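To keep things clear, I will list the structure first and then write my remarks on it.
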Amino acid sequence: MVGILSDIHGNLEALQAVLKAGEERGVREWICLGDIVGYGAQPEECVSIIREKCKTVVMGNHDEAASKVAEPEDFNPVARHAVLWTRYVLTDEAREYLSKLPYSIQDGDRLYVHASPHLPEDWNYIFTESEARRQLSKLPQTVRHCFVGHTHEPFHYIGSDGKEIINVGSVGQPRDGDSRASFALLDPTTGKVENVRVEYNITSAREKILAAKLPPFLAERLKHGQ
Ligand code: ZN
């Protein structure tokens, strides 16, 4: 089985719970769709685990912002605070690693990208079926399954030609009203994809965010999955 995870956002408790649940379900290969850091209190630990576990990793907008020196653009005040804090706590080695991640990776008929396959560096969101259809129409001919994250909400759209966009949801900051960590299980022989939700120690993740003096809203939202 292949485990596909995204939007960990420095939440170590959620990442460890997802890896354990996936490995219990037979995951032998992990793929990461980006946003390893930003928002949560343990970005460095999450980067080192992802480096060890995943050979396929693409860049997210928070990874890009945390690895730059320029003023973060297109971030709201809470996210901007988290970006600057994350830059400050990450080692140079982790920032260097994040700065070199590719925007997308194609493996056979699968495409992995953080936000959307068309112009991935623009960080556009795919929330609606019409946007999913538009994105599918721009996929390279050879791609059948496109895996994305970025919205923090699991989503699965199958086009009329059978091509699919699968949003795997967020490990470390779900926003679909379900506070459990989210990832996708892919059976590479059948091509079947399942969204999996995993309980984790939210209290511990919240306490670390507050202790780090990150915006309290980032701790609060984990409780509600919003
Ligand atoms: Zn994200």
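Here, each number is a calculation from the coordinates, and none is a lab measurement. Keep in mind the model is a prediction, meaning the values are calculated, not measured. Backbone-built Cβ (ideal geometry, glycine too); neighbour counts: all protein chains shown.
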Exercise. Can you name the residue in segment 138-153 that is in contact (Cβ under 8 Å) with a residue 12 or more places away in the chain and more than 16 Å from the chain's Cα centre (by Cα) and is also farthest from the ligand (Cβ to nearest atom) among such residues?
Worked result: Thr142
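Out of curiosity, is Arg80 away from the ligand (no atom under 16 Å from the Cβ), surrounded by fewer than 20 Cβ atoms within 10 Å (Cβ to Cβ) and part of a helix (DSSP H, G or I)? So that I can check it myself, show each step before the final result.
Values: away from the ligand (no atom under 16 Å from the Cβ): no; surrounded by fewer than 20 Cβ atoms within 10 Å (Cβ to Cβ): yes; part of a helix (DSSP H, G or I): yes.
Against the criterion (away from the ligand (no atom under 16 Å from the Cβ), surrounded by fewer than 20 Cβ atoms within 10 Å (Cβ to Cβ) and part of a helix (DSSP H, G or I)), Arg80 does not qualify.
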Problem set entry | Hey, Ala21 touching a strand residue (DSSP E or B) at 6+ places or on another chain (Cβ under 6 Å) and buried (at least 17 other Cβ atoms within 10 Å of the Cβ) or not | yes
Problem set entry | Complete set of residues in segment 154-196 that are crowded, with 20+ Cβ neighbours inside 10 Å and within 14 Å of the ligand (Cβ to nearest atom) | Pro154, Asn167, Val168, Gly169, Ser170, Val171, Gly172, Gln173, Pro174, Ala181, Ser182, Phe183
Exercise. Taking segment 23-40 as the search range and keeping residues that are more than 18 Å from the chain's Cα centre (by Cα) and assigned to a loop (DSSP other than H, G, I, E, B), which one is nearest to the ligand (Cβ to nearest atom)?
Worked result: Arg25
Exercise. Is it fair to say Glu64 is within 16 Å of the ligand (Cβ to nearest atom) and over 22 Å from Phe217 (Cα atoms)?
Worked result: yes
For this session: Might you let me know whether segment 26-33 holds any residue that is out of contact with any strand residue (DSSP E or B) (no Cβ under 6 Å at 6 or more places or on another chain), among the basic types (Lys, Arg) and over 30 Å from Val193 (Cα atoms)?
Result: no
